[in-house]
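Worksheet for the structure shown next.
Bear in mind that the values in this text are calculations on the coordinates, not laboratory data. Treat the numbers as computed from the prediction; the structure is a model and nothing was measured. Here the Cβ is made from the backbone with ideal geometry for all residues, glycine too, and neighbour counts use every protein chain on show.
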Amino acid sequence: MAIHPIRTYGDPVLKVRCPEVTEIDSGLVTLVGDMIETMYDAPGVGLAANQIGVQKRLFVYDVGDGPQVVINPVLSGHDGEWTYEEGCLSVPELYWPIARPKQVHLTGMDLDGKEISRDGDELLARVFLHEVDHLDGTVLVERLDPKHKKEALRTLRNRALDAEAH
Ligand code: ZN
């Protein structure tokens with residue numbers, strides 16, 4: 001297993017919808033292991049494949065019950081609203097209050113090709129929504145209200161300039 005660099009906001013790979021996984025092979029098993037290791041190293045509670053530059057529709061997460069993988073996730077049954085200080089490994093060290101559905105239902109596949117069906121509430125729903133957003137090519141900055149988005153883009157721009165200057 002290997003830890004991969006995490007792609008950050010502005011990288012084109014984060015802006016493209018990841019196509020469905022069509023085959024579960026040893027390469028995919030290795031990828032999932034690498035994603036879990038990279039997520040723990042960060043550390044984070046979720047990681048989508050395109051965050052390490054791989055255009056495949058799967059993500060890993062761990063909200064305290066051990067590492068989980070979801071292949072070809074599909075969300076349904078969005079319900080309620082919950083605002084939470086949300087961050088992203090691709091936009092390091094920045095957090096914003098973001099309103100999203102409080103509950104959501106997730107289906108998909110595990111590494112054995114078995115169907116997964118899970119209900120998410122609050123933090124778990126947040127992880128599902130955030131990671132599926134990644135797989136659709138959406139980073140949380142796009143979910144901010146206009147005022148926070150303007151501030152976020154300014155901060156990220158200054159950061160980029162700062163990095164260039166050093
Ligand atoms: Zn993220």
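Which order, highest average first, do 155-165, 65-75, 121-131 follow once you tally other Cβ atoms within 10 Å for each residue and take the mean per peptide?
Top of the packing list down: 121-131, 65-75, 155-165.
Which length gain, in nm to one decimal place, applies between Asp136 and His148 when the Cα-Cα distance is subtracted from 0.36 nm times their residue separation?
2.2 nm
Show me, for the stretch 6-11, the HN-Hα J-couplings you get by feeding each phi into the Karplus relation (A = 6.51, B = -1.76, C = 1.60, θ = phi - 60°), rounded to Hz, glycine and proline as x.
Going residue by residue, I get 8, 5, 10, 3, x, 5 Hz, with x marking Gly and Pro.
Per residue of the stretch 32-42, in order, report the coupling 6.51 cos²θ - 1.76 cosθ + 1.60 (Karplus, θ = phi - 60°) as ³J(HN,Hα) in whole Hz, putting x for Gly and Pro.
Each residue of the stretch 32-42 in turn: 4, x, 5, 5, 5, 5, 5, 5, 5, 5, 4 Hz.
For the stretch 104-161, what value does the Rg/Rh ratio take when both radii are computed over Cα atoms and Rh is the Kirkwood radius, given to two decimals?
Rounded to two decimals, Rg/Rh equals 1.16.
At a Förster radius of 35 Å, what calculated FRET efficiency corresponds to the Cβ-Cβ distance of Glu85 and Arg157, to the nearest 0.05?
Details: r = 22 Å, r/R0 = 0.63.
Result of the calculation: an efficiency of 0.95.
Show that you can apply the helix-only estimate: for the chain, add -39,500 (n - 2.57) for every DSSP H stretch of four or more residues, divide by all residues, and state [θ] at 222 nm to the nearest 500. Spell out each step's value before the answer.
On the way: 3 runs with 49 residues, N = 166.
Result for the chain, helices only: -10000 deg cm²/dmol.
Rounded to whole Å and sorted largest first, what semi-axes of the equivalent ellipsoid does the C-alpha gyration tensor of the stretch 12-165 yield via the square root of 5 times each eigenvalue?
Semi-axes from the Cα gyration tensor: 26, 20, 13 Å.
How much length is gained if the chain between Met1 and Glu115 is pulled fully straight, taking 0.36 nm per residue apart and subtracting their Cα-Cα distance, in nm to one decimal?
Separation in residues times 0.36 nm, less the Cα-Cα distance, equals 38.5 nm.
Sticking with the crude label model, points 7 Å out along Cα→Cβ, report the distance from Val13 to Tyr40 in nm, one decimal please.
It works out to 2.2 nm between the two label points.
Which residue fluctuates the most in the chain, going by a Gaussian network model with Cα springs under 10 Å, if the choices are Val29, Val13, Val60?
Highest fluctuation of the listed residues: Val29.
Taking loop as defined by DSSP and a crowding limit of 15 other beta carbons within 10 Å, which trypsin sites (Lys or Arg not before Pro) in the stretch 1-75 fit? List each step's numbers first, then the result.
Values: sites: Arg7, Lys15, Arg17, Lys56, Arg57; in loops: Arg7, Arg17, Lys56, Arg57.
Passing both the DSSP loop test and the Cβ count: Arg17.
Which shape class, rounded, prolate or oblate, goes with the stretch 31-108 when its Cα gyration tensor gives a ≥ b ≥ c as root eigenvalues, a/c under 1.5 marks rounded, and past that a/b bigger than b/c marks prolate?
Numbers: a/c = 1.84, a/b = 1.22, b/c = 1.50.
Because a/c hits 1.5 or more and a/b fails to exceed b/c, the stretch 31-108 counts as oblate.
Would you pull out the residues with amide H under 5 Å of His78's amide H, same chain only if 5 or more places away, H placed 1.01 Å from N?
His105
Take the alpha-carbon centre of the stretch 91-166, take the same for the stretch 1-64, and report the distance between them in whole Å.
Computed from Cα coordinates, the inter-centre distance equals 14 Å.
Which distance in nm do the two modelled labels at Ala99 and Ser76 give, with both placed 7 Å along the Cα-to-Cβ direction?
The modelled label-to-label distance comes out at 2.7 nm.
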